[in-house]
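Report on the following structure.
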Amino acid sequence: MKIKISFLWISFFLSITTSCIESRKNKLLVIYEEDGPYSPLKTEWIRLIEESTFDFEVVDSERQRLGDSLWQNRALIILADPQILNPQWQSDIERFVQTGGELLLPSDTINSYFWPWLHQAQMNNENGFDGGKIIFFNDSTNLSALLNEFSGAMSIQSGQVKTKQAPNNNRFTKITLDADVNEPMELSVLPGGRVLFIEREGNFKVYDPETRKTKLLHTFDISTEGNYEDGMLGLTIDPNYQDNNWVYIYYSPKGGRPRQNLSRFVLAYQDSLLLESEKVILEVAVQRETCCHSGGSISFGPNGNLFLSTGDNTSSKESDGYSPLDERAGRAPFDAQKGSSNTQDLRGKILRITPTSEGSYTIPAGNLFSSDGSEGRPEIYAMGCRNPFRFTVDKRTGYIYWGDVGPDSGIDSELGPQSYDEWNQAKSPGNYGWPYFEANNKAYPMLDFETNELGAPQDPNQPLNESPNNTGMKILPPARTPMIWYPYGVSTTWPMLGKGSRSAMAGPVYYEPNTPSKTAFPDYYEGKLFIYEWARNWIKVVSFDEDWHVTKIEPFLPNEKFNKPIDMEFDELGNMYVLEYGANYFANNIEAKLVKIEYNRGNRLPHAVIQATETKGSAPFNVDFFASQSYDYDLNDTLIYDWTISDGREVRGEHISLTFDSVGIYEIGLKVTDRKGATATTSLHVNVGNAPPEINLNLEGNQSFYFGERQRNYQVEVADLEDGSLSTGKIDPREVKINFSYLPGTHDLALLGEAFYKNADLPIAGKQLIEGSDCSSCHAMESASIGPSFNQIAERYEKSRDNISMLAMKIIQGGNGNWGHSLMAAHPDLSTSDSESMVEYILSMKDKNNSSSLPVAGTFLLDEHQSRTDKGIYAISVGYEDHGNQEIPAIEASKIQFLRAPYLEAENYDVFKNVEQQRPNGGSFAYVSSLRHGSYVGFDNIDLSGVGEIAINILPISGGKISLYHGGFDGEPLAELSIPSAEKGPSWVEENFVEYNFKINEVSNEVKAIFFLFSDADNTKVDMNMDQIMFKQK
């Protein structure tokens, strides 16, 4: 039986053609998910497959796809949750089945929006599906029977294939056009490729691809007072721009009555905005007593109709994150009924008009209300919107799609449902429910803000606007449900949308361009809608059926970082342009940029990567440079490596060695060229004349573990070639920063970061939680964003237990804040303990600039952990920044050491060979399995000084020998154990593991890796599972 484990590093198989393949091989392909729900059953199921009459190959579901080379297999078997397979795997599997192939997989429920094709197959409850067979099995017995009865087709029916292949993500290139933008809002691509865009504070700019420069065309005098979301809001160009040079801008003019202007301008001579040409086409009256919700996107649809989105212009800061229905006298800014549900008001709407050449407009047929205005404003196409910030009009169907940003409550209560964001679809004019309904018409009770009495909720079939602030119809059109809706937490219907803060936005529907283009998006995206999430930093793609109902939501470039995407558009050649706003609200963010995304159908650009042995040192300085990590996605592409050094030297080769004799900063450039002439470049700097400091931390006792002792003595030595050393007195001990902290539980040590080195008392666990959350959507460290900065919070609240508890609940529940206009988004998925850790970190910011440090010699107290089996880690850091040398900047060096509890989980190995991991039922208990002859697991940085025994928990399915090595497999093992076979129950039950002990005699005091090597003993074939490892003192 041939068994091959393949990790599929190559992606070229997409291009493999199958015209020469007439029949399939007698082989099964098994698609497996590491640590997935079927991990405990993998060994058994692989055994069943091994006992069949087929060859087979096991591939990791996270590796590169196989494309149409799948067709040569008799069958595919998915031993994974099929919902984790990416769109590329999904389309390839669909095509395989359509050739007559057979697919076997466990009978779990499939979310229809993850993979509608497979969901439909499951609902059909028949083996025959889409030209092939799909069989769902229930258990091992069922799988065994299927393998014995297998009759998969040998012929390949390539003519039956109809699913389009999802493109490889590595064929897309994201190009930064302008990285110096300030609060970008909306863009419009001109014929020929120049890009117009606006910035909220007033700037109107154009990017020229020929010069690769951005020019400021004009700075508008705009108003941001009162409603601080106002400013430059919307931008588009006329459908006949090449003939008339008309551009349309929606903005907040300063002075006069509060209003937003939709104006038309002439852009002459390519880059001259003629201010005197302004025609104010439409005014939208607004209030500027308080914030929020300006909306403001503009776009043309079919037949020359111009669409404009407007926000409800209502503050929800005094309605606890629920619907603002405040009908008290003088409270109109807090009553959304004045706008969204007011048929005679333009706010909270999608408007549709037809601009005229004279600078006015007419009303097209088919809007929500009659053109005489008797029922409502005739410009209204859709009403009942809260803040439809970004929308699109399908240029072929005329359907409108928009994201509507919802309120802020994170919990259902008597005041109404928890909040949701929405994506809406309007095939015809209608009412979308706000402020009486959200999501699938979840209704708010009609709260009397005067008495706090709750009235009955509205009827979505006949909502009534009885507010004194209403100037339109009382009886409103029925409320429609959105296309998609989702809360702060994970949606049960659309879990692929994730969780966290929310800001739904709608991008364009893609159609292949009329003009052929090498960089246009592929036809896989034909007729699909691009949606994006400003707060969650992603872009996704929505597919529809023939009736334009949503069928699927899939990720777009999931490994690409999008920093708050705020607008996107396709140009006439099918290239995508995206504006990224950056991390913080109302800030000039360093991450803000204008980018272009191209698709490469042919030869792909190489990627240039430089590695250097060192980049900082004293003269003369010898450095080796390597280009071997450079790569090209096109298989077998040969690469040429050309190096340029700023002192004039030029060298060719994958590996070069250079000597720098003079003090200075040198730029090392690398150009990589593929065989078709495509190039990529990169560079790095080498600083010569200042060697990095050297730090030595002498810590008493075992260097890896703590064993219950209450303290450890330490001493630090720092030496620098230019500055001297601590021991000679040349380095001031006050310049050496020594910090000590405890991390409870298991935490990602990579997130410790700079703050740990600068403040010994910083609660690192809270910092990790914040960096892994969506806090940066509303809060910055230094300056206020949509919410207060962490520094401001720390200044206001003392670090007391009461304040920590109060603020932790504020994070979880959300609602009104105490910072003027700011509202706190809810985070219902956070635990109380995690939320309190985050607050502790924030409140520690008050003293973050008062850099604290321990002395260069002294004692660490080990008093934070609760028991010897506590998973916490003590972290010790030493930092020193030298004084630089002439023009060479200073170098900051650091050293960090960890002391952990004296035990390891076997599944957390650092190195391994021929092992598997199991996590039964997806729970917390995990172990290493399938340990057979020659298998080993290893753990780095282990100090065995003072250790007398090492205990391991083993379940010996059949016995064998375990050898313990320290430092490597050279020489004799440190100790050995002979393990008999055990008559225990199931291998996935923790209680069935047995403790065995290695006796440790003399051992070196070096910190090295340890290895556990498994081998057969006598006539016994070893087969074991391994769990916990414990280190015991002598």
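The values are calculated or read from the model by the stated rules, or taken from the named source; none is laboratory data. None of these values were measured; they are calculated from a predicted model. So basically every Cβ, Gly included, is an ideal-geometry build from the backbone, and we count neighbours across all protein chains shown.
Key figures for this structure:
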read-out	value
Per-region count, region 34-72, residues closer than 19 Å to PRO106 by Cα and not charged (D, E, K, R)	16
Residues (more than 21 Å from HIS827 (Cβ to Cβ) and either among the β-branched types (Val, Ile, Thr) or assigned to a strand (DSSP E or B) (or both)) located in region 405-427	TRP423, ASN424, GLN425, ALA426
Residue count for region 656-707, restricted to those that are of a type outside the set (A, V, I, L, M) and closer than 30 Å to SER618 by Cα	22
Qualifying strands (runs of 3 or more DSSP E) (wholly inside region 199-286; at least 2 residues being of a type in the set (Gly, Ala, Ser))	259-268, 272-285
Single match in ASN588, ASN559, ASN603, ASN563 (criterion: touching a residue at least 40 places away in the same chain (Cβ under 8 Å), under 15 Å from LYS174 (Cβ atoms) and part of a loop (DSSP other than H, G, I, E, B))	ASN559
Condition check for LEU325: closer than 14 Å to ARG347 by Cα, buried (at least 23 other Cβ atoms within 10 Å of the Cβ), out of contact with any Ser or Thr (no Cβ under 7 Å at 6 or more places or on another chain) and in contact (Cβ under 8 Å) with a residue 12 or more places away in the chain	no
Unique match (being of a type in the set (Val, Ile, Thr), out of contact with any Leu (no Cβ under 6 Å at 6 or more places or on another chain) and either closer than 30 Å to ILE237 by Cβ or not assigned by TED's automatic domain parsing to the domain that holds ALA504 (or both)) among VAL284, VAL266, VAL280	VAL280
Test: residue in region 149-169 that is more than 38 Å from the chain's Cα centre (by Cα), in the same structural domain as ARG95 (by TED's automatic domain parsing), part of a helix (DSSP H, G or I) and more than 17 Å from ILE77 (Cα to Cα)	yes
All strands (runs of 3 or more DSSP E) inside region 443-548 with 2 or more residues being modelled with pLDDT under 95 and crowded, with 20+ Cβ neighbours inside 10 Å	none
Yes/no for ALA166 being over 21 Å from LEU346 (Cβ atoms), in contact with a Phe, Trp or Tyr (Cβ under 8 Å, 6 or more places away or on another chain) and touching a residue at least 24 places away in the same chain (Cβ under 8 Å)	yes
Residue satisfying condition, being at pLDDT 95 or above, over 20 Å from LYS164 (Cα atoms) and in contact with a Ser or Thr (Cβ under 6 Å, 6 or more places away or on another chain), within set LEU573, LEU579	LEU573
Selection count where residues are under 37 Å from the mean Cα position of the chain (by Cα) and either of a type in the set (D, E, K, R) or outside the structural domain of GLU450 (by TED's automatic domain parsing) (or both), scope region 334-361	4
Subset of region 119-148 (residues that are in a strand (DSSP E or B) and either exposed (fewer than 13 other Cβ atoms within 10 Å of the Cβ) or outside the structural domain of THR99 (by TED's automatic domain parsing) (or both))	GLY128
Among residues of region 200-229, those that are over 23 Å from GLU278 (Cβ atoms), in contact with a strand residue (DSSP E or B) (Cβ under 8 Å, 6 or more places away or on another chain) and of a type in the set (D, E, K, R), counted	3
Residues satisfying the stated conditions in region 127-152, i.e. closer than 30 Å to MET483 by Cα and either charged (D, E, K, R) or free of Cβ contacts under 8 Å to residues at least 24 places away in the same chain (or both)	ASP130
Verdict on ASP882 being surrounded by 20 or more Cβ atoms within 10 Å (Cβ to Cβ), touching a residue at least 12 places away in the same chain (Cβ under 8 Å) and acidic (Asp, Glu)	yes
One residue from ASN914, ASN953 being without any contact (Cβ under 8 Å) to a residue 24 or more places away in the chain and either aliphatic (A, V, I, L, M) or assigned by TED's automatic domain parsing to the domain that holds GLY967 (or both)	ASN914
Sole exception among (1) at positive phi; (2) part of a loop (DSSP other than H, G, I, E, B); (3) surrounded by 14 or more Cβ atoms within 10 Å (Cβ to Cβ) for GLY934, by number	(3)
Residues of region 937-946 satisfying the condition of being assigned to a strand (DSSP E or B) and touching a Lys or Arg at 6+ places or on another chain (Cβ under 7 Å)	ILE942
Subset of region 781-817 (residues that are at pLDDT below 70 and hydrophobic (A, V, I, L, M, F, W, C))	MET781, ALA784, ILE786
Any hit, region 382-391, residues being among the small types (Gly, Ala, Ser), loosely packed, with under 14 Cβ neighbours inside 10 Å and closer than 18 Å to THR471 by Cα	no
Number of positions in region 88-107 that are in contact (Cβ under 8 Å) with a residue 60 or more places away in the chain and not hydroxyl-bearing (Ser, Thr, Tyr)	9
Matching residues, region 682-712, being under 18 Å from SER741 (Cβ atoms) and either at pLDDT 90 or above or in contact with a helix residue (DSSP H, G or I) (Cβ under 8 Å, 6 or more places away or on another chain) (or both)	ILE695, LEU697, LEU699, GLN703, SER704, PHE705, TYR706, GLN711, ARG712
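Residue-wise test of (1) part of a loop (DSSP other than H, G, I, E, B); (2) in contact with a strand residue (DSSP E or B) (Cβ under 6 Å, 6 or more places away or on another chain).
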position: ILE957; (1), (2): no, yes
position: LEU964; (1), (2): no, yes
position: PHE969; (1), (2): yes, no
position: PRO973; (1), (2): yes, yes
position: ALA982; (1), (2): yes, yes
position: GLU995; (1), (2): no, yes
position: PHE998; (1), (2): no, yes
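Yes/no matrix, rows are residues, columns are (1) of a type in the set (Gly, Ala, Ser); (2) out of contact with any helix residue (DSSP H, G or I) (no Cβ under 7 Å at 6 or more places or on another chain); (3) modelled with pLDDT of 90 or more; (4) within 21 Å of ASP68 (Cα to Cα):
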residue: ASP139; (1), (2), (3), (4): no, yes, no, no
residue: ALA145; (1), (2), (3), (4): yes, yes, no, no
residue: GLY152; (1), (2), (3), (4): yes, yes, no, yes
residue: PRO167; (1), (2), (3), (4): no, no, yes, yes
residue: ASP178; (1), (2), (3), (4): no, yes, yes, no
